[in-house]
Amino acid sequence: MVDAPVTKILISKVQIEQLDQVQDIYKVLRVIPNSSSDGSMDGYRLAGIPHDSITHQLGLRNGDILVAVNGQSVYLQSDSQVKQAWQAGKDSGTFTFLIERRNRYQILHYDLEK
């Protein structure tokens, strides 16, 4: 994992329920494949995140590049693998996102309220 500052976020039971109700993640944000300077894909740029959305409450911002979830590169994952990662996070009570924001890496560490 990349050495980066960690932001810890507690996800409330209400937020967990809101996330569970999102059947199609693309309805609450847009994900756009992002290429590094050498042309290789390095993650997904996030866009279309409303300020009053659950995704904004969870610390994601327009322009963020989602690089990894729980240490796994996201560009290698399908939608079903992302859903499996969410379920695994719910089961374990914790998960992490590695994002790049304004050319700096940041780790968002989530703990789920029990």
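Hey, among the residues in region 86-111 that are within 14 Å of the chain's Cα centre (by Cα) and of a type in the set (Asp, Glu), which one's surrounded by the fewest Cβ atoms within 10 Å (Cβ to Cβ)?
Checking each candidate, the answer is Asp111.
Residues of region 2-30 being at pLDDT 75 or above and within 21 Å of Asp42 (Cβ to Cβ), which ones?
Val2, Asp3, Ala4, Pro5, Val6, Thr7, Leu29, Arg30
Assess whether Lys114 counts as being under 18 Å from Lys8 (Cβ atoms), among the charged types (D, E, K, R), assigned to a loop (DSSP other than H, G, I, E, B) and more than 12 Å from the chain's Cα centre (by Cα).
yes
The values are calculated or read from the model by the stated rules, or taken from the named source; none is laboratory data. Remember, it's a predicted structure, so these values are computed and weren't measured experimentally. Reconstructed Cβ throughout: ideal geometry from the backbone, glycine too, with neighbour counts over all protein chains shown.
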